[in-house]
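The values are calculated or read from the model by the stated rules, or taken from the named source; none is laboratory data. Because the structure is a prediction, the values reported are computed rather than measured. Virtual Cβ from ideal backbone geometry, glycine too; neighbours counted across all protein chains shown. Note: accessible area is taken over every heavy atom of the protein model, side chains too, but ligands, DNA and RNA are not part of it. Shrake-Rupley method; radii C 1.70, N 1.55, O 1.52, S 1.80 Å.
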Amino acid sequence: MSKNALHFFPIVTKTVKNNYKFTRNAIKEFEEQTRLGNFYLVAWEKCADDIIRKYKVAEIEAGLNNSANFLAAHHFFRVKEKIEQSEVFRFIAKMPKGANLHGHSSAMVSSEWLLRNVTYRPGMIIYTDEKNITRLTFRQPDSSIEWNYLSDLRNSSENVTAFDEWLESKFNLYTPNPEIDYPDIDVVWTAFERMFATTEDILHYVPVFVDFYRQALQELLNDNVMYTEFRTGFAKLYDDSGRIYSEIEHAEILMKVIDDFKEDNPNFFGAKAIFTGNRDRLTAGSWRDIEVYKSLKQRFPHFIVGFDVAAQEKVTNANFGFIEALQSLPKDTKFFFHAGETNWYGTDVDENLIDAILMNTTRIGHGYALLKHPYLLEIVKKRRIGIEVNPISNQVLHLVHDLRNHPAGFYISQGLPVTISCDDPGFWAAKGLNYDYYYAFMALASADAGLETLKKFAWTSLEQSVLTDKEWMKVSQMFHDQWALFIQNACQH
């Protein structure tokens, strides 16, 4: 309990007998101060605050009268189209959102774009591997594998629309009946991980790689995101000639894509990379990710901002099992660990949070189980360790159904440095960041939270970014300029 809270409670005891209403309002004000800190709106923002509060109250009242009408309480797959018609969503869509700090590059582009702009390219090959996973590639597989040109199968199909729907289902989890098709976490995670395998090789094909990353940046910019730190493993690339591009060349191509995009889009500040190793590979004893990170960080120290490990957290691949490999990284390495993305408590899985804290992580990816570890939670609060919350991801991947029950609601109430991110939107019929902001505002934040909470989400994302002092001065000014224009436009309508 904070010093301010200890000071406050005697006041409650003293005044409750004399003025119940005064004391009640004082408690509400104290909770709001805890949630927001010293973050408040100024006079010229009030009109926009009135607008979003009016929209929010209308949706909440509809939900109080009939819970079926409160969209933020339902699975994204069931209400996506209705959310797009929401006045709250439309308001959020126009709002500057600062940074997206947790997104896996290989799943950040909408499946619709991938279907229309990649799978129709000549030369794409489709085959099924020994694990019955559908694979797409632009290079011929081993001679022992039976394969087809995708265009031949599409052209020979009786119904191209149905064929494309089947194909898109290989890299999009969407289903109208998620509770039936994904009855538990193991089923949905199996389908989810197979999708990375399906698209992996086509995203390493240089022409697709360039277009795909540019589209990822475009979809973020479309949602008024000005900066991103994405996670990627820097695999080797290839082209039509059979040339293989090294991890260093991978980074050089990627940096050029970002620079070209920035030049074409002055409202976009930029992007940096968090090298992401594979926890299963590290558990098996492979140090490939460690060595590649070291070489990339040495070559591109300002672009490669740190290290993470990904893949579903299990008792068989807990962080402690490869702690020696992590400790071998340079002492100045910034970590951004996925940790606590689980419903388990008191296992090697949720105790990944302990290793994340001991390794001095800069931010925590997901942190879903952090609420069950009060000592770690207190450290997070004192050190201002960012918590990268991914609302729709946690729902789709079976941690929580009604996002009002997400532990991030508590983190936000305590004023912890929560940032809202999209994780893998392309794999669940989303794109950009607007949908996650909608759920964060309507389900995670207090019902009486208004524009100040939305602005704090955006500002915290920039505060938690890995930026130099010079970069920070520029991006903060960009945000203030874009925010002022947003308020002006909102208040004119």
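Listing for the model above:
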{"read-out": "Test set (1) more than 28 Å from PHE76 (Cβ to Cβ); (2) open to solvent by less than 10 Å² (accessible area, probe 1.4 Å) - PHE441 fails condition number", "value": "(1)"}
{"read-out": "SER105 open to solvent by 50 Å² or more (accessible area, probe 1.4 Å) and hydroxyl-bearing (Ser, Thr, Tyr)", "value": "no"}
{"read-out": "Residue under evaluation ARG135, criteria (1) modelled with pLDDT of 95 or more; (2) of a type in the set (D, E, K, R); (3) open to solvent by 10 Å² or more (accessible area, probe 1.4 Å); (4) assigned to a loop (DSSP other than H, G, I, E, B), criterion not met", "value": "(4)"}
{"read-out": "Extreme residue, farthest from the chain's Cα centre (by Cα), among residues of region 26-45 that are over 19 Å from ALA458 (Cβ atoms) and hydrophobic (A, V, I, L, M, F, W, C)", "value": "ALA26"}
{"read-out": "Filter pass, ALA162 being surrounded by 17 or more Cβ atoms within 10 Å (Cβ to Cβ) and either at pLDDT below 95 or aliphatic (A, V, I, L, M) (or both)", "value": "no"}
{"read-out": "Among the candidates ASP402, ASP424, ASP448, ASP469, residue that is charged (D, E, K, R), closer than 22 Å to ASN177 by Cβ and either open to solvent by 10 Å² or more (accessible area, probe 1.4 Å) or without any contact (Cβ under 8 Å) to a residue 60 or more places away in the chain (or both)", "value": "ASP402"}
{"read-out": "Region 208-244 - residue that is open to solvent by less than 30 Å² (accessible area, probe 1.4 Å) and among the hydroxyl-bearing types (Ser, Thr, Tyr) and, of those, farthest from GLN140 (Cα to Cα)", "value": "TYR227"}
{"read-out": "Which numbered condition VAL315 fails, given (1) surrounded by fewer than 24 Cβ atoms within 10 Å (Cβ to Cβ); (2) at pLDDT 95 or above", "value": "(2)"}
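Residues checked against (1) over 18 Å from the mean Cα position of the chain (by Cα); (2) surrounded by 14 or more Cβ atoms within 10 Å (Cβ to Cβ); (3) touching a residue at least 24 places away in the same chain (Cβ under 8 Å):
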site: CYS47; (1), (2), (3): yes, yes, yes
site: ILE52; (1), (2), (3): yes, yes, yes
site: ASN66; (1), (2), (3): yes, no, no
site: PHE76; (1), (2), (3): no, yes, yes
site: VAL79; (1), (2), (3): yes, yes, no
site: GLN85; (1), (2), (3): yes, no, no
site: PRO96; (1), (2), (3): no, yes, yes
